[in-house]
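Just below is one structure, and these are the notes that go with it.
The values are calculated or read from the model by the stated rules, or taken from the named source; none is laboratory data. Just so it is clear, the structure is predicted and the values come from calculations on it, not from any experiment. When we count neighbours, we look across all protein chains shown, and the Cβ atoms used for this are built from the backbone with ideal geometry, even at glycine. Areas reflect the complete protein model, heavy atoms only, side chains present, ligands, DNA and RNA absent. Shrake-Rupley method; radii C 1.70, N 1.55, O 1.52, S 1.80 Å.
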Amino acid sequence: MTRADSRKILISAGETSGDALGAGLVAAVRARRPEIEWVGMGGARMAEQGVRIVQDADAVAVVGILEVLGRLGDIRLAMKRLVRVIEFEQPDLFVPIDFPDFNLRLAAKASRARVPVVYFVSPQVWAWRRRRVRQIRRRIRRMLVLFPFELPLYEQAGVPVTLVGHALAEPSSIVRDAATLLSSAGLAPDRETVALVPGSRRGEVERILPALVGAAEIIARRRPEAQFLISRAPGLELALFERVLAGRALARVRVHSGDFPEILGACSVAAVASGTASLQAALAGVPFVVVYRMSAPTYWLGRALVRVEHIALPNLIAGRRVVPELVQSACVPETIAKELLDLLNDSQRAGDLRRSLAEIRERLGPPGIFERAAEALLQELDTLSPRTPRLSARPASGR
């Protein structure tokens, strides 16, 4: 097969959720065009779909000012490796997935090298740094967005945009009853279960998990029969959780790393870190509260820059405060425990919340996100002339 017959796409995902989205997109494109070569930054899921990983996403998956400063060396190395792919392998298209601080910089370099950019999952310009839309208009050929409320922002700015929907609207291929799910996690299927979800990044867990465990201790004193499920995201070592649990007065607690988010639907209530997990909890239909704590500099900078009323994705989608948001000084054991106990004690409030969460699912649109994203991407790709890589190209490496 000659270069004129084949195409190469550079793809860049900087965290666990991006890796999952990237894997879904690659699989959908491969189903139509298996000859396309993929290379870039990602994780195990993208690698399983045949992406040649030149940079592991775990090395750059950090959030917050201080956290980024501590990983600048890794971030610069990752940028260097991906720029080398742009310069020497001359991909036909660049597909960044969210992760805007890194991916918008890389998109600028791709644009200067005349590599067109189709951005999958919009940066949160609707929340803060709206001036980024001007950068996006200059650098991005098309934006693929997940949420309906994102469309008007790009349309008004003159950025070509396609609504593809959210991956969480896809139906699960595995259906198990609540008793089976709880038993698989080592929990009693007939007991009240409180889920604690501290996030998918190490820094999040270190800041949020102590408050969640403290709340669990308060709940256990009020409701002795309660049991607790702590969700451990892929890539996070068990020792991180064991250190927080050491010496705590919790008899019935399990740290579980599988069946997420299905297992949330088997729980009575949950406290969930802000982010994709909060949307997963909403779609699971479990009454829950959103929690978040960040470093002080990041928090105060965010307060100065963020221009949205809510931080939780379910609330943004609903356009109103559906689930409580306990952020920073409110993210403490006493407040978290109070909110969860209120949901456990007030069946009417819990039922009202479940009904509101059902409306959020409807707003995400029909299944088929990856097929729609693949179609939009291939339409752009097919308008481009094949590119010729430099003869001195050497495969980048670094996984």
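Computed values, structure above
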| read-out | value |
| --- | --- |
| Leading residue by the ranking (nearest to residue 244 (Cα to Cα)) among those in region 187-201 that are outside any strand (DSSP E or B) and at pLDDT 90 or above | 198 |
| Test: residue in region 155-177 that is of a type in the set (Lys, Arg), in contact (Cβ under 8 Å) with a residue 24 or more places away in the chain and assigned to a helix (DSSP H, G or I) | no |
| Among (1) open to solvent by less than 20 Å² (accessible area, probe 1.4 Å); (2) more than 24 Å from residue 16 (Cα to Cα); (3) out of contact with any strand residue (DSSP E or B) (no Cβ under 8 Å at 6 or more places or on another chain), the one test that residue 233 misses | (2) |
| Pick from region 200-225, criterion touching a helix residue (DSSP H, G or I) at 6+ places or on another chain (Cβ under 6 Å) and among the small types (Gly, Ala, Ser), ranking: surrounded by the most Cβ atoms within 10 Å (Cβ to Cβ) | 215 |
| Residue in region 224-235 that is part of a helix (DSSP H, G or I) and within 21 Å of residue 178 (Cβ to Cβ) present | no |
| Selection within region 358-372 - surrounded by 13 or more Cβ atoms within 10 Å (Cβ to Cβ) and closer than 17 Å to residue 170 by Cβ | 360, 361, 363, 364, 365, 367, 368, 369, 370, 371, 372 |
| Given (1) of a type in the set (A, V, I, L, M); (2) touching a residue at least 40 places away in the same chain (Cβ under 8 Å); (3) outside any loop (DSSP other than H, G, I, E, B), index of the condition residue 205 fails | (2) |
| Filtered residue count, region 310-319, keeping only those that are at pLDDT 90 or above and over 18 Å from residue 168 (Cα atoms) | 0 |
| Condition broken by residue 343, with the remaining ones in (1) within 18 Å of residue 273 (Cα to Cα); (2) out of contact with any strand residue (DSSP E or B) (no Cβ under 9 Å at 6 or more places or on another chain) satisfied | (2) |
| Out of 138, 71, sole residue that is modelled with pLDDT of 85 or more, more than 30 Å from residue 359 (Cβ to Cβ) and among the basic types (Lys, Arg) | 138 |
| Region 326-350 - residue that is in a helix (DSSP H, G or I), of a type in the set (A, V, I, L, M) and touching a residue at least 12 places away in the same chain (Cβ under 8 Å) and, of those, farthest from residue 220 (Cα to Cα) | 350 |
| Residue within region 351-361 that is small (Gly, Ala, Ser), out of contact with any strand residue (DSSP E or B) (no Cβ under 9 Å at 6 or more places or on another chain), assigned to a helix (DSSP H, G or I) and touching a residue at least 60 places away in the same chain (Cβ under 8 Å) present | yes |
| Positions within region 345-399 being touching a Lys or Arg at 6+ places or on another chain (Cβ under 7 Å) and modelled with pLDDT of 85 or more, in sequence order | 374, 376, 378, 380, 381 |
